1. Can F286 be described as of a type in the set (F, W, Y), surrounded by 15 or more Cβ atoms within 10 Å (Cβ to Cβ) and within 22 Å of M92 (Cα to Cα)?
2. Do you know which residues across segment 58-73 are under 10 Å from the mean Cα position of the chain (by Cα) and part of a strand (DSSP E or B)?
3. Does segment 300-309 contain at least one residue that is part of a helix (DSSP H, G or I) and either at pLDDT 95 or above or buried (at least 17 other Cβ atoms within 10 Å of the Cβ) (or both)?
4. Check segment 261-269 and report whether any residue there is of a type in the set (K, R) and under 30 Å from S104 (Cβ atoms).
5. Please tell me if P248 is farther than 30 Å from I205 by Cα and either crowded, with 18+ Cβ neighbours inside 10 Å or assigned by TED's automatic domain parsing to the domain that holds P61 (or both).
6. Restricting to segment 164-189, name every residue that is in a helix (DSSP H, G or I) and either free of Cβ contacts under 8 Å to residues at least 60 places away in the same chain or not assigned by TED's automatic domain parsing to the domain that holds R113 (or both).
7. Identify the residue in segment 90-108 that is in contact with a Lys or Arg (Cβ under 7 Å, 6 or more places away or on another chain) and in a strand (DSSP E or B) and, among all such residues, is farthest from D204 (Cα to Cα).
8. Pull up segment 215-245, narrow it to residues that are of a type in the set (S, T, Y) and part of a helix (DSSP H, G or I), then point me to the one that is surrounded by the most Cβ atoms within 10 Å (Cβ to Cβ).
Amino acid sequence: MSTMDQQQADRESLRMQACRDELVERIARAVPDDGISQPFPDMYLGRLSTPLERVHSVLEPSFCVIAQGSKETFLGDTRYQYDPFHYLLATMELPRVSRVLEASKERPYLSFRLELDPALVNAVMMESSHVSSPASGDVRAMDVSALDASLLDAVVRLVRLLASPDEAPMLMPLITREIIYRLLMGDQGGRLRHIAALGGHAPDIARAIRRLRQDFDQTFRVEELALELGMSVSSFHHHFKAVTAMSPLQFQKRLRLQEARRLMLGEDLDAASAAYRVGYNDASHFNREYKSLFGDPPIRDIHRLREAALDRVGE
């Protein structure tokens, strides 16, 4: 590397470190206690003071950045780990399992997440003349990439709007479009274009995901869903798993079990009632699948989660 190139690399490194430091400071100030805050539409900031056990949730299409700490996310059996030097991009609504790996009271885990509107992604694609760009061969709807200085700078400018809420309605849409543009131009641009573009099988799989999310408690036959999409059963299975890392039935099962867990925790339903609400007719079958996913039978799992919540309150 020449002296000039080294100097440029050093300047970029200093710029990124300054951005990371500012992001830590601003998120810590905006979220003084553990939890998640939504200061603006589509923007979420998080804070956690202790490493967290695995959490099951559905992730919307999102751009995720960690200011401090680290996290791992599982999509099917595939593990993605990211930290202040990497971002995670999810391009479809997916049931995932995540766990915060590094967090302490002295150095809490601090995060930023921006939900991505597919219509806005399409608009930016068309305006930047990248509709017909070749898509990546990897159509998996989630991945981790290195965070570059320009993308990190845009995130910091978005978070700065917390100090100028009157300017946010005008500037936030502009910075959001810039972030989408930089994602399209970056390492995962092909993935984002493939999922959003009107080509290949991605739109069909997106329709299938929406259908499964809306009617997760209903019995469905893979053959019928494949027929609706104009695909053979084997082709539907192949493309669905390529995007989600799960089969359609595994995808539906995760949605059902996550919702059953939420009903037992949030609405105080017993296991049998929760199972029935999410589409199970056999309680023993529900208990087996619940234990397989969460590690404990429903009663023991919910008791453990409530005990853990009480312990956190008492700290």
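1. In short, no.
2. Correct list: V58, L59, S62, F63, C64, T73.
3. Kept after step one, since they are part of a helix (DSSP H, G or I), are these residues of segment 300-309: 300-309.
Filter again for either at pLDDT 95 or above or buried (at least 17 other Cβ atoms within 10 Å of the Cβ) (or both), leaving 301-302.
The answer is yes, given that some residue of segment 300-309 is part of a helix (DSSP H, G or I) and either at pLDDT 95 or above or buried (at least 17 other Cβ atoms within 10 Å of the Cβ) (or both).
4. Among the residues of segment 261-269, at least one is of a type in the set (K, R) and under 30 Å from S104 (Cβ atoms), which makes the answer yes.
5. Numbers: farther than 30 Å from I205 by Cα: no; either crowded, with 18+ Cβ neighbours inside 10 Å or assigned by TED's automatic domain parsing to the domain that holds P61 (or both): yes.
Against the criterion (farther than 30 Å from I205 by Cα and either crowded, with 18+ Cβ neighbours inside 10 Å or assigned by TED's automatic domain parsing to the domain that holds P61 (or both)), P248 does not qualify.
6. Across segment 164-189, the qualifying residues are P169, M170, L171, P173, L174, I175, R177, E178, Y181, R182, M185, G189.
7. Top of the filtered list is L101.
8. T244
The values are calculated or read from the model by the stated rules, or taken from the named source; none is laboratory data. The structure presented is a predicted model; accordingly, all values stated were derived computationally and were not measured. Because the Cβ atoms are built from the backbone with ideal geometry, glycine has one as well, and the counts that use them run over all protein chains shown.
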